[in-house]
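Asks: Just passing along the structure, written as structure tokens.
No lab work stands behind these numbers, since they all come straight from the coordinates. Fair warning: this is a prediction, and the values are worked out from it, not measured in the lab. Here Cβ is always computed from backbone atoms with ideal geometry, including for glycine, and neighbour counts include all displayed protein chains.
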Amino acid sequence: MSEFLYRRTGMVFTEAKRFYVERRVVERMTATGSGSFASYFAWLRNDAQGEIEHFVNAFTVNETYFYREDYQLSCLTSDLLAERLRAKRRPGPIRIWSVPCSTGEEPYSIAIWLLENWPLVDEYEIEIVGSDIDTGALEQARSGVYGKRALMRLSPAITEKYFAPAQGETWKILDDLRQSVSFSRVNIVESAETRAHGQFDVIFCRNVLIYFDDASRRIAAENLYENLAPGGFICLGHTESMSRISPLFEVRRFADAIVYQRPAEGGNG
Amino acid sequence: MPLIRKTADPLATAPPPLAEVISAFANGTSEERWVAARSAHDIPGSAKILGEALTRERNARVREAMFTSLARIATAESVALILPFLRSDEAYLRTGALDALRAMKGAVSPYLQRLLEDGDADVRLLACELVRNVPDDEAERLLCGLLEAEREPNVCASAVEVLAEIGGADALPVLARCEQRFRESPFLVFSIKVAADRIRSQP
């Protein structure tokens with residue numbers, strides 16, 4: 001089962017994760033009414049009623065919140081965007097990719113942060129794309145409805161400015177902001193899927209490569225390299241290091257964060 | 001609000017024919033060679049082409065993609081094509097080969113014993129890293145076998161470093177004998193002590 005999941009997603013679940021895997025398989029067996037593992041596995045392999053998608057969704061981790069690791073957002077508005085603007089040769093939007101975006105907190109955080117902290121936000125078109133392999137998470141992202149826990153790091157003023165109270169203890173992102181972020185499904189170890197998203201100026205790819213093995217990490221790194229415009233930046237999670245994964249990127253140390261950069265044209269190939 | 005909305009349109013792409021890859025490797029720009037290298041793993045018969053092109057390629061980015069493609073193929077043939085690069089005079093190629101082999105897991109396992117017995121100490125040293133790919137019991141057996149006979153302290157240090165992470169009680173007498181043989185080498189004696197302490201502290 002772990003091998004099947006690895007082939008489909010690049011995520012690695014070793015013996016140490018047996019309990020985690022078993023629990024999710026049992027959940028899916030119950031949901032599909034499978035009486036035995038063999039019958040469920042046959043159901044899964046045949047992708048009956050889109051089971052592969054449900055299965056993959058069950059294994060993704062969607063625990064996140066607004067303004068998580070916001071030192072990288074500071075770096076975005078303090079340094080990265082200015083450098084990208086200087087390097088841009090052609091007119092066109094600044095493109096920012098949040099991948100994986102889970103239930104949307106990160107791409108919406110980027111949008112809010114830019115509106116609040118980047119003085120040039122009115123002068124440029126900014127395209128923010130959130131992508132994830134989990135279609136259930138993407139549906140939640142598109143709905144833009146969040147609970148108290150997801151908003152815990154936002155000030156009351158920001159919450160009031162960009163969210164409207166919804167049912168129960170939930171808040172819904174204002175429509176204008178919700179429509180300024182687009183969402184798409186992507187598996188970052190599938191080159192055909194990542195290439196279709198084009199090139200970005202900045203990519204936020206946080207806390208996903210840690211779930212991959214060496215082989216999948218290499219593939220993902222090369223895909224992300226292609227998705228960066230020359231001179232573009234990639235931000236990883238604070239425990240991750242691209243230098244340990246791939247020599248394709250250069251390390252850049254800014255005041256707020258360490259990020260990785262695709263060499264500008266003429267550098268590294 | 002000034003932010004704009006656009007929708008991505010995912011499209012599937014088929015791998016190019018092998019002849020196109022060969023042509024790109026021979027005459028293409030670095031970008032064309034990169035694209036060819038990245039797509040080659042999906043094309044039957046591409047391993048040999050990748051291996052040959054890798055010997056000529058000077059661009060670090062394209063080499064990286066070639067190593068990744070060979071790693072994705074992950075057959076005995078692709079392992080055999082990468083192994084000679086462990087002996088390269090260029091550090092980048094040695095490291096690239098090591099990283100690619102590390103990503104091949106099962107495919108490289110049958111070669112480990114031979115690599116650990118290689119006449120080149122640098123190859124034996126790199127092979128110690130590759131041993132991390134196999135299950136802990138097998139890794140311990142391979143590294144203990146190496147430590148019993150190894151004469152190069154740097155190779156021993158590499159094996160000890162891995163054993164510190166994956167070794168069990170069976171490794172302790174082997175480490176003690178290694179320490180005796182290299183008692184004139186303070187660095188190795190210290191490394192062995194750290195490894196042995198770590199192994200003993202495990203439940």
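Asks: For peptide A:24-37, compute the average count of partner chain beta-carbon atoms within 10 Å of each residue's beta-carbon.
Replies: For peptide A:24-37, the averaged partner shielding equals 0.
Asks: Still on this structure: Roughly what % antiparallel, to the nearest 5, for the DSSP beta bridges in the protein assembly as shown?
Replies: 40 percent
Asks: Next question, about the same structure. To the nearest 0.05, how large is the calculated FRET efficiency for B:Arg198 and A:Ser78 if R₀ is 45 Å and r is the Cβ-Cβ distance?
Replies: Using R0 = 45 Å, I get an efficiency of 0.60.
Asks: Another one. What relative contact order, as a whole-number percentage, does segment B:114-203 give when Cα pairs under 8 Å and 6 or more residues apart are counted?
Replies: With pairs under 8 Å counted, the relative contact order is 26 percent.
Asks: Separate question: If you stretched the chain out fully between A:Ile52 and A:Ala192, how much longer would it get, using 0.36 nm times the residue separation minus the C-alpha to C-alpha distance?
Replies: Between A:Ile52 and A:Ala192, full extension yields 48.5 nm more.
Asks: Pop a pseudo-label 7 angstrom from the Cα along the beta-carbon direction at both B:Asp170 and B:Ser23 and give the gap in nm to one decimal.
Replies: 5.5 nm
Asks: Based on DSSP H runs of at least 4 residues, each adding -39500 (n - 2.57), what is the mean residue ellipticity at 222 nm of chain A after dividing by all its residues, to the nearest 500 deg cm²/dmol?
Replies: -11000 deg cm²/dmol, from helical runs alone.
Asks: Between A:Arg45 and B:Arg151, what is the spin-label point distance in nm, taking each point 7 Å from the Cα along the Cα→C-beta axis?
Replies: 5.3 nm
Asks: Right, another one. May I have the convex hull volume per residue, in Å³, for the Cα set of chain A?
Replies: It comes to 144 Å³ per residue, whole-number rounded.
Asks: So what is the 222 nm mean residue ellipticity for chain B from helices alone, if each DSSP H run of at least 4 adds -39500 (n - 2.57) and you divide by all residues, rounding to the nearest 500 deg cm²/dmol?
Replies: Calculated at 222 nm, the ellipticity per residue is -20000 deg cm²/dmol.
Asks: Which residues' amide hydrogens lie under 5 Å from the amide hydrogen of A:Tyr124, considering only partners 5 or more residues apart or on another chain, with H built in the peptide plane?
Replies: For A:Tyr124, whose amide H was placed from the backbone, there are no distant partners under 5 Å.
Asks: Around A:Leu228, which amide H atoms from residues at least 5 apart in sequence, or from another chain, sit under 5 Å from its own amide H, with H modelled in the peptide plane?
Replies: Residues meeting the amide H criterion: A:Phe200.
Asks: At R0 = 56 Å, how high is the FRET efficiency between A:Ala16 and A:Leu120 if r is their beta carbon distance? Nearest 0.05 is fine.
Replies: Step by step, r from the Cβ atoms, then E = 0.75.
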